[in-house]
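J.: Structure in structure tokens, see below.
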Amino acid sequence: MPEFLSSSENKSAKNKESNKESNQAPVKPVDPYFNETNAAQDKVVSKFCQKLENSFGKYRWGQSNCEKMNWSYKRTSVKGDPLLWMTFGEFEPDRTKVETTLIMCGVHGDEITPIKFCYDVINYLKDVSKGKIVDKKTGVTADLEGKFVVVAPLVNPDSYFKGHPTRTNANGVDVNRNFPTEDFDRLALKRWEDRYRKDKRRFPGVKAGSEPETGFQVDLIDQYTPDKILSVHAPLTMLDYDGPASIHTGGLVGSKANELLIKMSEQAKGYRIKNYPFFPGSLGNYAGNERNIPTYTLELPTSDPSKVETYWNLFKSSVHSAVMQEVRGSSLFALESEEEEQDTKSN
Ligand SMILES: [Zn+2]
């Protein structure tokens, strides 16, 4: 769990609270990880945005508007591009009060369509924020009250920006096999040798979490403790799920997560749900299996850049549901954290 205030800071914050005049407006909480970059002033972001804009031109996707966006970043890729994310909705330090959804794209840079997909997600969330999205059936305007959304549209820029984009990062590591899962040391290299016959495209790295692009995803999970994760890939044409699975094995979260899985498929013309296995060092293993965070992997049908509009139209409603439908709530995990709290108190 991230600590937003140290205990001493916490005390002084409370003292300030009690000294405050009662007619003062409450101060809006600020995301401690938000770091507004002014693209014009930030050369690293500016350089990145120029490359992104060029790629959008190359694939005939129109303008990315990358330079006008409020990005945050802490880390850079192996080659020095910023690992950017953006947030929507209001930050709430008490993470249990908001439904947080983490959406990531471009983990494998040769999967071209997901990258544009995340920019479509960003534009869509902007429209929701401005009250521009109205449910045609009910006439209700969608809003992000009680919701927080984190979008990282290009997790692996080095591989995407290559002349011939690759799956692996600049160090030749598959950053979706490099997560520090419990089985990494025992199985990651072994599986790579046995099952993949040392396929270079799936090299997990020698050490768990060695790659900045993997560390970036771990950071986002640690910082924002998402209630669910959507990671977009291509071209396996399926919706895969890892995490608490049903009311029987995963409590209420499992049941709600499963409902959402079915809804997302139904809203995309019955898109195929497939239970794909997770691997040593994969996100599904790290977040879904080990941390019980419902983790959805959307595999778009192809990496054909001319298909991006078709895919966005197909999955727009599913993404809307992924953001709006709450999976958190009283569950096994709420119980667990209560127990943890009591443990700390008794210590
Ligand atoms: Zn992929």
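Here, each number is a calculation from the coordinates, and none is a lab measurement. All values reported here derive from a predicted model rather than from experimental measurement. All Cβ positions, glycine included, derive from the backbone under ideal geometry; neighbour counts span all protein chains shown.
J.: How do Thr96, Thr214, Thr138 rank when sorted from fewest to most other Cβ atoms within 10 Å of their own Cβ?
T.: In order of increasing Cβ crowding within 10 Å: Thr138, Thr96, Thr214.
J.: What whole-number distance in Å separates the alpha-carbon centres of the range 84-109 and the range 223-300?
T.: Cα centroid of the range 84-109 versus Cα centroid of the range 223-300: 16 Å apart.
J.: If neighbour count is taken as other Cβ atoms inside 10 Å, put Trp61, Trp85 in order from fewest to most.
T.: Starting with the residue having the fewest Cβ neighbours, the order is Trp61, Trp85.
J.: What's the local net charge at Ser72, with K and R +1, D and E -1, over the other residues with C-beta under 9 Å away?
T.: Overall, the nearby charge balance is -1.
J.: Right, next: Quick check on packing: order 70-76, 284-290 by the mean number of other C-beta atoms within 10 Å, highest mean leading.
T.: Those peptides, ordered most packed to least, come out 284-290, 70-76.
J.: Which is farthest toward the positive dipole end of the range 26-346 among Ala234, Phe184, Phe216, measuring Cα position about the Cα centre, with Cβ charges +1 (Lys, Arg) and -1 (Asp, Glu)?
T.: Checked the options; the winner is Ala234.
J.: So what's the net charge close to Gly281: Lys and Arg +1, Asp and Glu -1, counting the other residues with Cβ under 12 Å from its Cβ?
T.: Net charge around Gly281: 0.
J.: Pull out the extension gain between Lys43 and Glu92, defined as 0.36 nm times the separation in residues minus the alpha carbon to alpha carbon distance; nm, one decimal.
T.: 14.6 nm
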